[in-house]
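Just so it is clear, none of the values below were taken in a lab; they were calculated from the coordinates. The structure displayed is predicted, hence computed values, not measured ones. No Cβ is skipped: glycine too gets one built from the backbone with ideal geometry, and neighbour counts run over all protein chains shown.
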Amino acid sequence: MSEANKAEIEFPELTSVDRDFTLENLVRFANIGYSVSITLNVNGTLISGLLTSGKDYMETVAQSFEGVSKQGDTLASVYRGISESMYSGEALPLSDLSLEFVHLKEAVIFQGNTDFNVGYWRGKINSVDGFSIGKIKK
C-alpha cells in the first residue's frame, strides 16, 4: 500500500464496552419469560440467583407495598404502571430501557465469608464486570 493510501484510511475511535451483549441477550430472554441461573461480579461482589424479567421484579415490588398503607397502595400502582409500560407485550422489542437493568430472584450476595439472601435484586447491566452461568452453591 502506498503512503498516499495509508493517509486516507480513517480508523474508528476505540471506546470501552459499556455492557456485555451476551448478558444483554440473556436479560432480553429473561424479559420474555426464560430464566437461567447466573452469578454476577459487580465491583468484586458476587451476586448469584435466577435471572427473571423486569416485569416479575416490578410486580413483586408492587406486591410488597400493597395493603401496607394508602401510600403503599399508591406506590404499588406506580410500580405496576412501570411494569406495564416497560416490560409487557409491544413495549419489549422497542424499549431499550428494558435492557438497562438485570433482575434476579432467589438472589444471594456474597461478600467475603458472608452471604446475604436478599430475594429479589436489581442492578445496572453496565455495572456488571463479569458473569458465569450457574448459581453458587454452598
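Here the label points at Ser64 and Lys137, each 7 Å from Cα along the C-beta direction, are separated by 2.8 nm in the simple model. In this structure, the amide hydrogen of Val36, modeled 1.01 Å from its nitrogen in the peptide plane, lies closer than 5 angstrom to those of Leu51, counting only residues at least 5 positions away or on a different chain. Between Phe21 and Lys124, the simple spin-label model (points 7 angstrom out along Cα→Cβ) gives 2.2 nm.
Mind ranking 64-72, 44-52 by how tightly packed they are, going by the mean number of other C-beta atoms within 10 angstrom, highest first? List each step's numbers first, then the result.
Numbers: 64-72: 12.0, 44-52: 19.1.
In decreasing order of mean packing, 64-72, 44-52 become 44-52, 64-72.
Pairwise Cα distances in region 18-131 exceed 23 Å for 31 percent of all pairs. In sequence order, region 25-33 has phi-based couplings of 5, 4, 5, 4, 5, 4, 5, 10, x Hz under the Karplus curve 6.51 cos²θ - 1.76 cosθ + 1.60, θ = phi - 60°, and Gly or Pro positions carry x. Overall, region 18-131 carries a charge dipole of about 140 debye about its Cα centre when +1 sits on the Cβ of Lys and Arg and -1 on the Cβ of Asp and Glu, all other atoms neutral. The residue among Asn25, Gly72, Phe116 whose Cα reaches farthest toward the positive pole of the charge dipole of region 18-131, with charges on the beta-carbon of Lys, Arg, Asp and Glu, is Gly72.
Taking all Cα pairs closer than 8 Å and separated by 6 or more residues, the relative contact order of region 18-131 comes to 33 percent.
Rounded to the nearest whole Hz, the Karplus-based 3J(HN,Hα) values (6.51 cos²θ - 1.76 cosθ + 1.60, θ = phi - 60°) of region 38-45 follow the sequence 8, 10, 9, 10, 10, 6, x, 9, with x at glycine and proline.
Taking each of Lys105/Lys138; Lys55/Lys124; Lys55/Lys138 in turn, the alpha-carbon distance tops 24 angstrom for Lys55/Lys138.
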